[in-house]
Amino acid sequence: LPNGITVATSPVANQCGGTVETTSNSITLSEGTLTAEAQCTILVDVTAPTAGSYENCIEAGVLQTDQEATNADRTCDTLIVEETLLPPSISKEFSQNPVLIGETSALTFTITNPNDSTMSGVSFNDVFPSGMVRASIPNVSQCGGTVSSTENSIHLENGTIAYDSSCTVVIAVKGGSAGDYLNTSETVSATTGGSGNTASDTLQVIAPPIISKTFDPDPITAGASSTLTFTITNPVENTLALEGIAFTDSFPTGLEKA
């Protein structure tokens, strides 16, 4: 056998009689018998751990019989061993998170090729959760192919990723109301490498704090005092605490701190 191919198992079938012996890189038949106008086969499993093209030849004169008949021609066949490719992987991240209602966040998809060869036919589809919509047409793609989007989805078709590297697709999104928007993509795939994983991230959209104020008592006589109360509310639809809250209130002319 050529370098790189080895015998995987003992012969799995022998119709030629005699004795078939194998080593790690050779197959030998001795004392076989073949009737007139017949043919016989010997089956041996072989393996190759490395991708490549392996030509295996039986030279002229190697096949012999007791009648001193030999094969006149060189006989060859080639085993093509293709590289085993790993599937692509995908991850996603909202770069501005959390955001206020109506503010945009850049949603970045990162697709990685773990193989030592270029990956082609890379595709994924992502449908946004209800309430999250596209803020602008996708403007950044390093993955080649065709990137398309609707108001509530983005799709990559027929992308290409160089060996052992990653590429990104970016789209701006926004939420129309406060809440947590869990966004999970469909499975990423490639013509070379098959199907990979899905990717998830959650965009938190928050409503701004609400402020109200009251004077008590009201009305008052000139020179008397009234307590001014400010009430700041974190809207119930928010799922996280609000921090860094601040406000300024300038009194009108004639109103001053007591």
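When Lys and Arg each count +1 and Asp and Glu each count -1, what net charge do the other residues less than 14 Å away from Tyr181, Cβ to Cβ, add up to?
Neighbour charge sum, excluding Tyr181 itself: -3.
Note the full-extension length gain between Ile211 and Ser120 as 0.36 nm times their separation in residues minus their Cα-Cα distance, in nm to one decimal.
Computed gain between Ile211 and Ser120 is 27.3 nm.
Separation of segment 140-188 and segment 201-258 by C-alpha centroid, Å?
41 Å
Taking amide H positions as placed 1.01 Å from N in the peptide plane, with prolines and chain starts having none, which residues 5 or more places from Thr192, or on another chain, fall under 5 Å of its amide H?
Ser120
Order of 41-54, 244-257, 195-208 by packing, highest average Cβ count within 10 Å first?
Peptide ranking by packing, descending: 195-208, 41-54, 244-257.
Work from the charge dipole of the chain (Cβ charges, +1 for Lys and Arg, -1 for Asp and Glu, about the Cα centre) and give the residue of Leu203, Thr221, Thr187 farthest towards its positive end.
After comparing all options, I get Thr221.
In whole percent, what relative contact order does the chain give with Cα contacts below 8 Å and a gap of six or more residues?
RCO, the chain: 15 percent.
At a Förster radius of 45 Å, what calculated FRET efficiency corresponds to the Cβ-Cβ distance of Leu43 and Gln142, to the nearest 0.05?
0.40
So what are the ³J(HN,Hα) numbers for segment 27-41, from phi and the Karplus equation (6.51, -1.76, 1.60; θ = phi - 60°), rounded to whole Hz, Gly and Pro as x?
Running phi through 6.51 cos²θ - 1.76 cosθ + 1.60 with θ = phi - 60° gives 10, 10, 10, 9, 6, x, 10, 9, 6, 4, 6, 10, 9, 9, 10 Hz.
Read phi for every residue in segment 78-84 and hand back ³J(HN,Hα) as whole Hz from Karplus 6.51 cos²θ - 1.76 cosθ + 1.60, θ = phi - 60°, with x for Gly and Pro.
10, 9, 9, 10, 8, 5, 7
Using a Förster distance of 45 Å, how high is the FRET efficiency between Cys76 and Ala162, based on the Cβ-Cβ distance and rounded to 0.05?
So, using R0 = 45 Å, E works out to roughly 0.80.
From the residues Val133, Ala48, Thr19, which one has its Cα farthest along the dipole of the chain in the positive direction, the dipole being from +1 and -1 charges on Cβ of Lys/Arg and Asp/Glu about the Cα centre?
Val133
Given a Förster radius of 22 Å and the C-beta distance between Thr23 and Glu68 as r, what FRET efficiency does 1/(1 + (r/R0)^6) yield to the nearest 0.05?
Approximately 0.25, to the nearest 0.05.
Read phi for every residue in segment 213-225 and hand back ³J(HN,Hα) as whole Hz from Karplus 6.51 cos²θ - 1.76 cosθ + 1.60, θ = phi - 60°, with x for Gly and Pro.
For segment 213-225, the Karplus curve yields 9, 9, 9, 8, x, 7, x, 10, 8, 4, x, 7, 10 Hz.
Please identify which residues in segment 196-231 have an amide N closer than 15 Å to a label point set 7 Å out from the Cα of Ser177, following the Cα→Cβ vector.
Counting backbone N atoms under 15 Å from the label point, the list is 205-208.
Please compute the per residue accessible area over the chain with all protein chains in place, 1.4 Å probe, rounded to a whole number of Å².
62 Å²
Please list 179-192, 57-70, 91-104 highest first by mean number of surrounding beta-carbon atoms within 10 Å per residue.
179-192, 91-104, 57-70
The values are calculated or read from the model by the stated rules, or taken from the named source; none is laboratory data. Computed from a prediction, not measured in an experiment: that's the story for all the values here. Here Cβ is always computed from backbone atoms with ideal geometry, including for glycine, and neighbour counts include all displayed protein chains. Each accessible area value is taken on the protein alone, full model and side chains, heavy atoms only, with ligands, DNA and RNA left out. Shrake-Rupley method; radii C 1.70, N 1.55, O 1.52, S 1.80 Å.
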